[in-house]
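The values are calculated or read from the model by the stated rules, or taken from the named source; none is laboratory data. Not measured: the values here are computed from a predicted model. We place every Cβ from the backbone using ideal geometry, glycine too, and count neighbours over all the protein chains shown.
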Protein chains: 4
Amino acid sequence: MSTRRLEAFADGVFAIAATLLILNVDAQVGEGSGAIGHRLLAIWPSYIAYAVSFVTIGIIWSNHHTVMGQLGRVNRVFLLQNVFLLMCVAFLPFPTRLVAEHLRDRHDLQPAALAYGATMTVMAVCYIALWIYAAGGRRLLREDSDPRTVSGITRSYLPGAPLYLTATLVALASPLASVALYGAIALFYVIESSIFGGATTESP
Amino acid sequence: MSTRRLEAFADGVFAIAATLLILNVDAQVGEGSGAIGHRLLAIWPSYIAYAVSFVTIGIIWSNHHTVMGQLGRVNRVFLLQNVFLLMCVAFLPFPTRLVAEHLRDRHDLQPAALAYGATMTVMAVCYIALWIYAAGGRRLLREDSDPRTVSGITRSYLPGAPLYLTATLVALASPLASVALYGAIALFYVIESSIFGGATTESP
Amino acid sequence: MSTRRLEAFADGVFAIAATLLILNVDAQVGEGSGAIGHRLLAIWPSYIAYAVSFVTIGIIWSNHHTVMGQLGRVNRVFLLQNVFLLMCVAFLPFPTRLVAEHLRDRHDLQPAALAYGATMTVMAVCYIALWIYAAGGRRLLREDSDPRTVSGITRSYLPGAPLYLTATLVALASPLASVALYGAIALFYVIESSIFGGATTESP
Amino acid sequence: MSTRRLEAFADGVFAIAATLLILNVDAQVGEGSGAIGHRLLAIWPSYIAYAVSFVTIGIIWSNHHTVMGQLGRVNRVFLLQNVFLLMCVAFLPFPTRLVAEHLRDRHDLQPAALAYGATMTVMAVCYIALWIYAAGGRRLLREDSDPRTVSGITRSYLPGAPLYLTATLVALASPLASVALYGAIALFYVIESSIFGGATTESP
C-alpha cells in the first residue's frame, strides 16, 4: 500500500478538523444577546481557543509529514494506528469548544480542561505509538533513512504524552493554570519552530 | 480516466464523513442541561458511536485503497458505482447520530438501529458490486495483478453484506444486541488487522 | 500553472459539497416531533433530495475530470471560471434543503423549485462557458487531444443549460413536475452511464 | 519537506472554508419567518456575501498556487507561516456571516464590517510576510525561478494589506462604504484576471 493515499486521507482530516473549529466561534457569538460589537469582544476566549487548536493541529500535521517522509512502506497495522490518531485529531474541535465556552465565565471550567487534556494526551500516545511501531527494528523505514534523524524524531516526540498528561492533571488543582499550559505548549512549538525551523529541505 | 482523481474525490468524502461525526457529539452535549461534567459523562454512547463509525469509515477507506491498488483503469460505470458507495459513506453520520441519541435512554432504539444497519448493508452491497464489476473477467484489473490476491479480496469482501444484514435483522428482536453487533464487527476488523496486518507493502 | 492543484481544489469542493448534503437530512429529522420511527419515514423527500443532489455532484465531478483530461495547461481566466463553477457546486446543498423541506408538505414548493433550478442552470452555463473558453481555438487543449473527443464533449455538454432552464420554467406552472424533472435528469445520466459508460480508459 | 503535502493541506483548507460559506446562507433563511419565497429574497445580502467571500478565497488560493510554483523547497518556519495564513482563511466564514446578517437591517453593521476588514488585513499581512520570507535572499526559491516574475509577485502582493486596512478604517466613518469596498476589491481582481489573465502556463 502506497504512502500517498494515507497522506491524502490524513491531510483531509487535518484540514477539515482545523477548518471546523470556526463553527465553535460561530456558535458562541450566536448564543449571546445584546449589541453585536459587545458580543464580539465578550467571546475573546473563543478566538484564543481557535488559534491554539488550529496551531496545534498545524503542528501535528507538520510532524505527521516528518514521520511519513522517513517511511518507505506502510502496512495495515500502521494504517489502523493512523486511523486512531486521526480520530483524536477530528475529536479536538469538541473539547476546544467546551474550553472556550467555559473559559468565559470561569464556571465549570474543570471538566472542559480535563476533556481537552485527555484528548491531547491520548493523541500524543497514539502518535508516539505509531512512530515506535514504524521505526522499531526499522520496520517501515526507507532504506536510506538516516539513523540520526530517526532517533532525533523519537527524542522530540517522547515528551509529548507526559507533558500533556501533566497539564491535564494540573486541571485537578487549577483548571485555569491547565488551560494556560495548553496554550503555552502550542506557543513553545511556534517559537521553537521560528528559531530552529529555518533549515531547508529539498522538495522531491 | 485516471484512478488518481477518483482516489482524490473518494479520500475527500471519506475524510469529511469521518470528521463530521464529531458534530454529532457536539450536538448531544449541547442538548443536555445541568453541570457540564455530568453531561459529558451522560453522553457516553456518543463517544462509542463516534469511535465505531470513525473506525468503520477508516476500514472502508483502507479496503477501498486495496481495491484501487489492483486496478489499471476505470470507466464511467465504475465511477458511478463509486459515487453510490460514497453516498452511503457520507450518509453514515446520520444513523450514527440516531443510534447515539437513542442508546442513551434505550427509548426508541429500534428505528435507529434499523437505519444504521440498513445503511451499512447497502454500503456492503455497493462495495461487493463494484469489486465484482471491476474484477469480473478481469475487466479493470492491472495486467500484473495477482489472481490469488484478487480471489482473496473477493473472499474477504463477500461476507460483509450478509453479516450486516443479519445484524440489522437482529434489531427486530433486540435493538441493543444489534447495536452491540455493529460494534463487534468493527472491533473484529481492528483485532484482525492488528494480528494479520503486519505484512508490509512497498510504496510506489 | 499546473492542472494538478486546480484538480485538488475542485475535488475538495466537490467532495465537501456532496458530504455536507447529509446535514440537511439531519436538520429535517431534528425538527419533527413524535416517535423517531415515524419521523424517519416522514422525511422521505430528504432521502431522495440527498440522492439526487449527491449523484448530480458526482456526475459534474466526473465531467470535470473528462474536461481536465483534455487540457495541457490552464491560465488565470480558466481558474476564475472554475471558481465560479465551484461556487455553484458549493451552493447546491442550500436549494436541495429547500426542496426537501417543502416537498414534504407541498406547501410553498415553487420558490424552492425555482431556486434549485436556477442554481443548476447557472452551473450548466458556467460549465459550458469554461469548456468553450478552453476548447475555443484549442486555447488550453493538450497537443495530442483528439478533435472528435473534443467535439463529442461540446455536443454532450451543450444541452445541459437549456434542459435545466426548461425544468426551472416548468416550476412556474407545476413545481412538482419541475422537481420530478430534476430527478429524471439525474436518473437519465445514471442510466446512460450504465449502458454506454463501459468503455475503459487507461490510467496514467 | 516536500511542497506537495503543504499544497494538499492548503487546498483542503481553502476548499472547506469556501464550501462552509453556504452554511451561513442556510442559517440566515432558517431564522426568518413568513413565506419561503419572501425570505429567499429578503436574505439577498447573504448571496452577495457568499459570492464575495468565495471569490476572495478563490483568488487567495490562486495566488498561493503562484507562490508555491516559484518555490523549490520549504522549511518549518514557512510551514508555520502557512498555518497562520490558513488560520485566517478558515476564519473568513465567521465575519462573512456577521456582515451578511447585519447588512440586511443596516443595524450594527459597523462591528461586523470591522471584523471582516480586520480578518482580511491580517490575512494580507500573513501573505506578504510568507512571500518576503520565501523570496528574501532567494531563501526558498527554485534555482530557475525568474527574478522578474519574483519581483512582479512582490509588486502585486504589497498593496493588499494597506488596501484592506484602508477599507477597514473606512468602516469607522461609514460601514456601508467599507463593505462596498470589500466587494469592489474582489470585483477588481475578477475583472483584472479576465483581462490580463489569458497568458497560459504549461502544466507539469
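Brief remarks follow.
- Residues of segment C:49-77 classified as touching a Gly at 6+ places or on another chain (Cβ under 8 Å) and farther than 22 Å from B:VAL89 by Cα, total: 3
- C:ALA112 passes every criterion in (1) at the interface with chain D (Cβ under 10 Å from one of its Cβ atoms); (2) free of Cβ contacts under 8 Å to residues at least 60 places away in the same chain; (3) within 20 Å of the chain's Cα centre (by Cα) apart from (2).
Condition check ((1) within 18 Å of D:VAL55 (Cβ to Cβ); (2) surrounded by 14 or more Cβ atoms within 10 Å (Cβ to Cβ); (3) away from chain C (no Cβ under 14 Å); (4) modelled with pLDDT of 90 or more) across all residues:
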site: D:MET123; (1), (2), (3), (4): yes, yes, yes, yes
site: D:TYR133; (1), (2), (3), (4): no, yes, yes, yes
site: D:ARG148; (1), (2), (3), (4): no, no, yes, no
site: D:ALA184; (1), (2), (3), (4): yes, no, yes, yes
site: D:THR200; (1), (2), (3), (4): no, yes, no, no
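- Residue, nearest to the chain's Cα centre (by Cα), within segment D:1-16, restricted to residues that are over 13 Å from A:THR66 (Cα atoms) and of a type in the set (A, V, I, L, M, F, W, C): D:PHE14
- Checking each residue of segment B:17-35 against the condition of being crowded, with 22+ Cβ neighbours inside 10 Å, within 7 Å of chain C (Cβ to nearest Cβ), at negative phi and under 13 Å from the mean Cα position of the chain (by Cα) gives at least one match.
- Restricting segment C:41-51 to residues that are in a helix (DSSP H, G or I) and more than 10 Å from chain B (Cβ to nearest Cβ) leaves a set whose member that is farthest from B:LEU80 (Cα to Cα) is C:ALA42.
- Conditions (1) in contact (Cβ under 8 Å) with a residue 60 or more places away in the chain; (2) out of contact with any helix residue (DSSP H, G or I) (no Cβ under 6 Å at 6 or more places or on another chain); (3) assigned to a helix (DSSP H, G or I); number of the one not met by A:ALA184: (1)
- Within segment B:117-146, the set of residues being among the polar types (S, T, N, Q) and in a loop (DSSP other than H, G, I, E, B) comprises B:SER145 only.
- Scanning segment D:65-104 for residues that are within 11 Å of chain A (Cβ to nearest Cβ) and either surrounded by fewer than 19 Cβ atoms within 10 Å (Cβ to Cβ) or not in a helix (DSSP H, G or I) (or both) gives D:LEU71, D:GLY72, D:ARG73, D:VAL74, D:ASN75, D:LEU92.
- No other residue among C:THR149, C:THR154 is free of Cβ contacts under 8 Å to residues at least 60 places away in the same chain and either assigned to a helix (DSSP H, G or I) or not aromatic (Phe, Trp, Tyr) (or both) apart from C:THR154.
- Just one of the numbered conditions (1) within 12 Å of chain D (Cβ to nearest Cβ); (2) within 13 Å of the chain's Cα centre (by Cα); (3) aliphatic (A, V, I, L, M) is not true of C:ILE59: (1).
- The single condition from (1) under 16 Å from D:TYR182 (Cα atoms); (2) crowded, with 23+ Cβ neighbours inside 10 Å that D:GLY12 fails is (1).
- Failed condition for D:PHE54, given (1) more than 14 Å from chain A (Cβ to nearest Cβ); (2) free of Cβ contacts under 8 Å to residues at least 12 places away in the same chain; (3) in a helix (DSSP H, G or I): (2)
- Residue check, B:VAL52 within 25 Å of A:ASP11 (Cβ to Cβ) and within 14 Å of the chain's Cα centre (by Cα): yes
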